[in-house]
Structure formats: structure tokens, C-alpha cells
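Some notes on the structure that comes next.
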Amino acid sequence: MSERLPSTYAVLEQHGVDRRTFFKYCTSLAAIMGLEASMVPKVMAAMETKPRIPVIWLHGLECTCCSESFIRSSHPIAQDIVLNMISLDYDDTLQAAAGEQVEEIRKKIMKDYKGQYLLAVEGNAPTRDGGVYCMVAGQSFLDILKETAADAKAIVAWGACASYGCVQNARPNPTGAEPVHKIITNKPIINVPGCPPISEVMTGVLAYILTFDQLPELDRTGRPKMFYGQRIHDKCYRRAFFDAGQFVETWDDEGARKGWCLYKMGCRGPMTYNSCPTVKWNAGTSFPIGSGHPCIGCSEPNFWDHGPFYERMADSVPLPGIEATPDQVGKTLAVLTGAGVTAHLASYWARRAGKRVAGKPVDPENTTGEVK
């Protein structure tokens, strides 16, 4: 019989958190998940009654940027997540224990919380040559991933590496690195891509799973729609310059100084789905485009193989009028307007000169040609 973990609120009370602060905590969680204010009571009920989620967090081929992002979450802070919302008993980056003791902890969680624990995976697994290119405690990460996933309730693939493969999976992929969903095919998997993902997106996903005891609605690539449902392009504050045909042509040109659109500098905002323009990074301070750098599309599959980051992807985003400048747009509109006026006048005089009824000229105000 598995041990029941205490609820989030029970742990918060032990840390001296009052009811008012708890309410603010739940309200911020609901806001992160994009829920309406009416859903705050449901979030509170989940925090008060449901046991914390036991989590095993594995690391394969990766750079640890996902963990670095996670521990910098500000709403709510990572301390609240790690200590209160989830029971993070195994994470070989954050835990104090090491060696055989750590592996015993992992296997104990798998046994005590069979079918209940959440498996979080950061990085991917090399599959070539028996997986020897990533070994942990003398065992291949490929085998560890399969072993740990067997009795997991669900899997969260953190970052582009675990979700899609990222740089390790890029051509020519010498180690045969594969994302989680290519290796584990019999478990529900939620992909939380990005290089790294936004910290508040990571905590929001965990909050949703705890609150509703299910995975959020996913898109066709397995991403939660509440965070990956809109293109960066559609929420970008530089969109007005894109529509006006005002683009940065070279680094540090006048357009760059004025904050014009970075599409011609390789920005992949028109094809990238993420929350960067709305949630932003570093406690809502900024995001790459806001700092003058084009989006590299890190939350999209195979973004490393899409070509050089600073070259425009003209063939991938066929949008009308993309090369137009404001002057060209104005000239085109003037020509079209003139052509329309000319056509209208020609039609008018043709009707006046050519249509006569019983020898009487057509009334110029009668544009229908009817007999009066």
C-alpha cells in the first residue's frame, strides 16, 4: 500500500503560510494556466485536498537549461513548486544525495507509488550502439527511461530535447538520439518544448495536472494549447511594422534602432507557437524579440535543421506583400485606385453614349439603364 503524500496546503501550513497568502498563491496559479477567476476555488480545493504529486525527474542528453529555467520561476517561485506542490524525490541535478543511494530512492518511488508518480524527462536518449553515449550509474539512459516509464502515470517531456530531439537529434545525429515519444509509446506524454521552456509555463503545466488530475488539451505535436495555442507573430509588439512592410535589413541599421520587424533577419515568429510575447522571461521582463534578437523557433519540431538562424525563411512563410515597403504599398494602392476610377468612368460614358431609348439620350443619373 503506497503512502499518501500530504496536500499542498498542509505543507504550506507547516511553513507558516496564512490563508490570505494561500489564496493569492492559488490565484496566481490560475492566472498562469489562463483560467477564469471563477476557477480559482477549484484550484484552491485541489491544493487543499489532493496529495502532492510524486515526481521522478530524469536527465538524459541535455544541457540542464530546463532545470535552470524551472528554478527561476517567479509566479509561483520554484521553492513553492519543489517543496509544496510536487514531491520531487529524485532529480540528479537538484538532489543532495548521490551514488547508489540515489538509485535506491528512484526504485523505491517506483515501487511505493506504482502507477501514481509523474515522470519528468529532461533531455533525450541515444539509441545507437546500445545507448552507450549516455550512461548513468553503469546503466544506459535508454534503459533507465524505459524502466522508469513502465509504471509512471504520465510523462512530461521538458524542453526541445525531450520533446523533439533538439541539437542532439539534428542531422547527422551520430548517436541516434531520439525524443521521448519515439521511445515510449504506451504512456500519455505532454511535450513542453523550448530551449529552454519558460519557467512559468513549466510550473503552470504541473499546477494543471495537480488541479484537474489530467493532462491539459494538447495540439497536434503534444503541446498544451493553453501555452502553445498562438503564434508568436500574432502577439508580437513588432507586428505593426511587419504589416506596414518596415523591416530590419541589417544589424544596427535605422530599422533596428527603431524596433522594426526582424522577419528579414531570420525571425521565425510567423511559424512558432509559444507564450514568449505574453508570459515573457525573467519575471515578465522581456523575451528574445523584445531584446532585439529574432525568434529561432525553439519550440517547434526539428528547429535545428531549418537552416541558419539569421537567414530569412522565405519559402516556409509564404505571406503576400512581404517585400513591400510603405512607399511601394502606397504606389500600388494609388495605381489600383486610379485603375478603378478609370474603369468606372469608361463604363459611365459607354452607357451614356451607347444606350438610347426611342431616340432619347439616357439620363446620366439613371445608372440602371431603365426607361423613364
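The values are calculated or read from the model by the stated rules, or taken from the named source; none is laboratory data. Everything numeric here is computed off the predicted structure, so don't read it as measured data. No Cβ is skipped: glycine too gets one built from the backbone with ideal geometry, and neighbour counts run over all protein chains shown.
At-a-glance table
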| quantity | calculated |
| --- | --- |
| Residue satisfying all of: in region 133-154; in a loop (DSSP other than H, G, I, E, B) and not acidic (Asp, Glu); modelled with the lowest pLDDT among these | Ala137 |
| Residue check, Gly130 without any contact (Cβ under 8 Å) to a residue 40 or more places away in the chain, at positive phi and either in a helix (DSSP H, G or I) or in contact with a helix residue (DSSP H, G or I) (Cβ under 6 Å, 6 or more places away or on another chain) (or both) | yes |
| Ser87 touching a strand residue (DSSP E or B) at 6+ places or on another chain (Cβ under 7 Å) and part of a helix (DSSP H, G or I) | no |
| Matching residues, region 198-245, being of a type in the set (S, T, N, Q) and in contact with a Lys or Arg (Cβ under 8 Å, 6 or more places away or on another chain) | Ser199, Thr211 |
| Whichever residue in region 185-205 is part of a loop (DSSP other than H, G, I, E, B) and in contact with a Ser or Thr (Cβ under 9 Å, 6 or more places away or on another chain) and, among such residues, is nearest to Asp219 (Cα to Cα) | Pro193 |
| Selection count where residues are of a type outside the set (Val, Ile, Thr), touching a helix residue (DSSP H, G or I) at 6+ places or on another chain (Cβ under 7 Å) and buried (at least 23 other Cβ atoms within 10 Å of the Cβ), scope region 163-196 | 8 |
| In region 90-127, the residues that are small (Gly, Ala, Ser), over 27 Å from Gln14 (Cα atoms) and either part of a strand (DSSP E or B) or not assigned by TED's automatic domain parsing to the domain that holds Phe22 (or both) | Ala125 |
| Complete set of residues in region 30-57 that are farther than 17 Å from Leu88 by Cβ and touching a Pro at 6+ places or on another chain (Cβ under 9 Å) | Ile32, Met33 |
